[in-house]
């Protein structure tokens, strides 16, 4: 039972901001993303990739692997959190605000 604890299961998040001005920088960016995907990371947002790990020890293996293919330029952050902490995330999608103006009535937003 302890093996499936939400305090033992980990999520590894990799945040990155890499330059993409030149052709070489774009290739480095693409290679970094491909390496993350090969290691089982999934895109959470454009520059945030996440990976589920069964334990802290397993997470450490993947963190070490990411460190082995860090690009020379740009910034990369790695965060490791428990499944319990990840479960507290609040996600929001942008809602398109539509305005309707009918003659003789006030502007309605929905």
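The values are calculated or read from the model by the stated rules, or taken from the named source; none is laboratory data. It should be emphasised that the depicted structure is a prediction, and the values quoted were computed from it without experimental measurement. Cβ coordinates were reconstructed from backbone atoms using ideal geometry, including for glycine residues, and neighbour counts include every protein chain displayed.
For residue 57, state whether it is under 27 Å from residue 5 (Cα atoms), at pLDDT below 95, out of contact with any strand residue (DSSP E or B) (no Cβ under 6 Å at 6 or more places or on another chain) and outside any strand (DSSP E or B).
Values: under 27 Å from residue 5 (Cα atoms): yes; at pLDDT below 95: no; out of contact with any strand residue (DSSP E or B) (no Cβ under 6 Å at 6 or more places or on another chain): yes; outside any strand (DSSP E or B): yes.
Judged against the criteria, residue 57 is not a match.
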For the range 33-84, give me the residue count where each residue is surrounded by 12 or more Cβ atoms within 10 Å (Cβ to Cβ), without any contact (Cβ under 8 Å) to a residue 24 or more places away in the chain and farther than 13 Å from residue 14 by Cβ.
2
Looking at the range 60-92 only, could you name the residues that are more than 30 Å from residue 27 (Cβ to Cβ), outside any helix (DSSP H, G or I) and touching a strand residue (DSSP E or B) at 6+ places or on another chain (Cβ under 9 Å)?
81, 82
For the range 11-32: of the residues being free of Cβ contacts under 8 Å to residues at least 24 places away in the same chain and part of a loop (DSSP other than H, G, I, E, B), which is surrounded by the most Cβ atoms within 10 Å (Cβ to Cβ)?
20
